Structures are given as structure tokens and as C-alpha cells.
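**Student:** Just dropping this structure here.
The values are calculated or read from the model by the stated rules, or taken from the named source; none is laboratory data. Because the structure is a prediction, the values reported are computed rather than measured. Don't worry about glycine lacking a Cβ; one is built from the backbone with ideal geometry, like all the others, and counts go over all protein chains shown.
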Amino acid sequence: MRYTKYMKTRLEDKKYKEGYDLYNQGYSLADVGNVLGVTRQSVYSAFKIRGYSFRVKKLLPFILYNNRRFTLNNNGYYRSTDRKGTQLLHRYVWETERGDIPSGHDVHHLDKDKTNNSIDNLECLLKAEHTSKYSPHHNQYKNNKTKHLYEKTYKNNR
């Protein structure tokens with residue numbers, strides 16, 4: 001039996017149908033391409049030719065500050081990624097309004113609202129002070145779950 005162009009098309013249809021199922025499960029076009037052994041662009045073209053629909057890009061909330069676009073990230077902070085680099089909005093606001101952030105310092109939101117980046121709501125603290133005041137669960141000496149580890153180390157080093 002001769003291998004025909006029709007048979008090849010049918011095999012490719014089956015391959016891309018399986019790839020489209022992966023895409024609908026949340027895989028990216030690049031991930032589908034890796035599974036199928038082709039490029040992302042090949043997957044895109046094949047899906048488009050076959051009339052498959054693509055996911056709609058989820059638009060994230062954003063703020064414009066000094067003509068820079070800051071988009072809300074998964075941690076609740078506004079972040080800019082552009083030619084000038086990646087920067088968090090609260091740090092950018094502090095640097096714009098008050099000057100450079102000294103090494104070893106954090107910028108803290110006074111009202112604990114990460115989306116409120118008004119200069120009046122920001123304070124610059126030493127990292128150690130910031131941790132001890134606002135992150136007691138991260139403080140090695142106050143955290144009951146890890147306190148014993150530091151006590152043992154301290155006793156052993158005596």
C-alpha cells in the first residue's frame with residue numbers, strides 16, 4: 001500500500017487534534033509544540049488552518065504612572081516590565097518622589113494595601129526592622145515552628 005498525501009493529512013489532523021486537546025487543558029502553544037515535536041509557530045499555523053479557536057488573552061488591571069505601565073501581578077503588587085527593566089510600583093514611586101532606596105531597605109505600605117501606592121502610604125525601613133515589625137511569621141526568633149533550630153545552633157556554637 002502506498003503512503004498518500006491524504007493519509008499524511010489524516011495523520012496530521014489526528015496529531016493536531018490531540019495537541020488542541022492539550023491546549024484546551026491549559027498547555028501553551030510552545031508546550032504543545034514540544035509535545036508534538038514542532039515549533040510554537042507551526043502549532044499556531046496548524047490550529048489556524050484547521051479553524052481551531054484560541055483562548056482570549058486575559059487583560060490584567062494596570063496603572064499608568066509617569067508614562068510607565070504597571071500591571072497587577074499574582075502577588076498583588078503593581079509591576080512594570082519594559083525596556084527600562086522590571087520594577088515594582090511602590091519602589092518606583094518612592095524613588096521618583098523621595099530619591100534612591102538605600103541598600104538594605106524595604107518600602108512598606110502603611111495601610112497594608114499593596115495597591116495603594118500613594119507616597120503618603122509608603123515608608124522606607126531597614127529590612128530587619130521591616131521583618132520584625134510586619135512579618136513576625138518570617139522572623140526566625142519569634143517563629144515557634146523554627147525557633148528550636150536556631151536555639152540548637154546557638155547552643156552548639158557556644
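A quick yes/no check of all residues on (1) closer than 30 Å to Tyr134 by Cα; (2) surrounded by 12 or more Cβ atoms within 10 Å (Cβ to Cβ):
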| residue | (1), (2) |
| --- | --- |
| Tyr20 | no, yes |
| Asp31 | no, yes |
| Arg55 | no, no |
| Tyr78 | yes, yes |
| Thr81 | yes, yes |
| Ile101 | yes, yes |
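**Student:** Give me the pairs: first residue in segment 83-104 and basic (Lys, Arg), second residue surrounded by fewer than 13 Cβ atoms within 10 Å (Cβ to Cβ), beta-carbon distance under 9 Å, and six or more apart or on different chains, which are they?
**Tutor:** So the pair list comes out as Arg98/Ile119.
**Student:** Return the residues of segment 96-112 that are within 23 Å of Asn67 (Cα to Cα) and part of a loop (DSSP other than H, G, I, E, B); say none if nothing qualifies.
**Tutor:** Step one: of segment 96-112, the residues within 23 Å of Asn67 (Cα to Cα) are 96-101, 107, 109.
If the condition is that a residue be within 23 Å of Asn67 (Cα to Cα) and part of a loop (DSSP other than H, G, I, E, B), then Gly99, Asp100, Ile101 are the ones that fit.
**Student:** Could I ask something else about it? Specify the residue that is surrounded by the most Cβ atoms within 10 Å (Cβ to Cβ); the eligible residues are those in segment 103-118 that are farther than 17 Å from Lys133 by Cβ and of a type outside the set (Ser, Thr, Tyr).
**Tutor:** Per the stated criteria, the residue is Asn117.
**Student:** Quick test of your reading of the structure: Thr39 fulfils all but one of (1) assigned by TED's automatic domain parsing to the domain that holds Glu12; (2) under 20 Å from the mean Cα position of the chain (by Cα). Name the failing condition by number.
**Tutor:** That leaves (2) as the condition not met.
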